[in-house]
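Some notes on the structure that comes next.
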Amino acid sequence: MRRELLALVILFGAGCSSSSTPDASVLDSSGPPIADAAIRPDAAVVPNEDATPRPDALPGQDATADDDAATTPNDDAAVANNPDAMPIDPCGPVPRAQGVDRLGTALTAWLARCNPELSVAEATLLATGYAATQRGPFDDLALTYDPTAGGRCGCAIEAAPCDTLGMIKAVPSCERVFVGTATIGDLCNGDYFCGENQYCGQGRVEVSGGGGPLPICVGFCLPLIEPGGDCSDSNARCTPGYYCDFTQQAGICEPKALLGEDCSESPCVGDREDVLIFPPNYCRFTKSGATCEARGRGPSGDCIFESCHDLYTCQQDSTCTLDPGLGQACTLSIDVVTPDFDQRQQLILDSFRACRVDHLSYCTQTGTTTGDGTCVVPPATGQACGIGAGLVPYCLHGSYCDGIDSQTLADITAVCSPGLTVTSTCTFDFISGGLNDQCAGNSYCTAIPTPKGAFETRCVEMCFANGSRT
């Protein structure tokens, strides 16, 4: 999880629209504790393990519950005696204005089912944060929206396999939520702007701006190849659960290796690129070969690099130990009353990795020394941030902690300010692994050469090699 941290932070700022950013109010940690929040009843769809196959099952996967099975049966007698007991179809039509919220509850249910270690607060925080970045197509009225498909998409996400939900549009029910009109090669602002069996891949181009050329991201509709299809084109991408096999004369989309199968020549289903967050599987290489295995979620006794699930840490005794969650006590290796610069720097780096939901929780000092802390949600725009006991030195994505002196790392109480727009002049973030970057959305602060041979720092869009993860 530690290596994937920045990528996931950027993911939360990417979404369907490269210009969209998370709504800070969705993740606002002010007011009632989020731990008291409840998942909507229509999101509490738990798939039947013994369910028969259904059309919405992801390619190459065992199907889960049928859409109709998720509908609460109508008890005529109960309804007659109590009109308020009228059942609500959780897979029924979803108005366009409620689409982002429904996506959030669906992802919350999926995360909680696939990662039972998460608290309701953590699953909700992660899911609503991602859903907020998907607002682009819902706000673009030029795209035709299908409320019926929106309802079925929510249920399909809730029942999706834990090892292949890496691209929402690739779920059959979800592909029909919007009708994209762009064709292959056309410009796009997210997967849903493209046609059927297409995705929006990103490329970097340079435009004039400021003192010199500025790199920006541009989306192009590219083919999403179905199982058995030709993926020889360098821009082609196989549907989740499949990979481009070049052992034949032409590249063919073949199924990835399943748990227990050999992965010496094939990637595993459920590894990094297949799952939106918390990939459950990996390819384990040993002297006798390579096999797809589940990441460790307990005292396995033989964990190695990357073999523990992202919610766990491989300890020195080779066991996978669950990291502390929101509201739980966390312990840091540097335990002093007044840290010097080097100690403070290490504490900041360790503190945002000490809790199990890395970038959405932080181990802040709550005891008398730096080693005694509690995992808390980072502040949002307008809330207090900073360095010192009870503070967090970065803010939820879309804002930054304005006022921290990265040269001294002195104690300071500051305020989270809105992130800077693309092409704005910015200052490098030297703390928290880039989490306190001043640039908002899908952008970061970098040095841009000027015509006179000097450099200036500006916010530049981040591109993803494999397209937007929507």
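Where a number appears in this text, it was derived from the coordinates with a stated rule and is not lab data. These numbers were taken from a predicted model, which means no experiment stands behind them. So basically every Cβ, Gly included, is an ideal-geometry build from the backbone, and we count neighbours across all protein chains shown.
Working from label points 7 Å from Cα in the Cα-to-Cβ sense, the residue 288 to residue 317 distance is 2.6 nm. Under unit Cβ charges (Lys, Arg +1; Asp, Glu -1), what dipole magnitude, rounded to 20 debye, does the stretch 216-277 have relative to its Cα centre? Dipole magnitude for the stretch 216-277 comes out near 240 debye.
Backbone amide hydrogens, once placed in the peptide plane, bring residue 415 within less than 5 Å of 385, 402, excluding anything fewer than 5 places away on its chain.
Residues whose amide H comes within less than 5 Å of that of residue 457, counting only those at least five positions distant or on another chain, are 426, 448 (H built at 1.01 Å from N in the peptide plane).
Taking chymotrypsin sites (Phe, Trp or Tyr not before Pro) across the stretch 215-316, the ones in a DSSP loop with at most 12 further Cβ atoms lying within 10 angstrom of their Cβ are 246, 305.
From most to least packed by mean Cβ count within 10 Å, the peptides 448-456, 318-326 give 318-326, 448-456. Protection proxy ranking of 140-150, 343-353, by the mean of other Cβ atoms within 10 Å over each peptide's residues and highest first, is 343-353, 140-150. Spacing of the modelled spin labels on residue 304 and residue 187, each 7 Å from Cα toward Cβ, amounts to 4.9 nm. Applying both filters, DSSP loop and at most 10 other Cβ atoms within 10 Å, to the trypsin sites (Lys or Arg not before Pro) of the stretch 208-311 gives 287.
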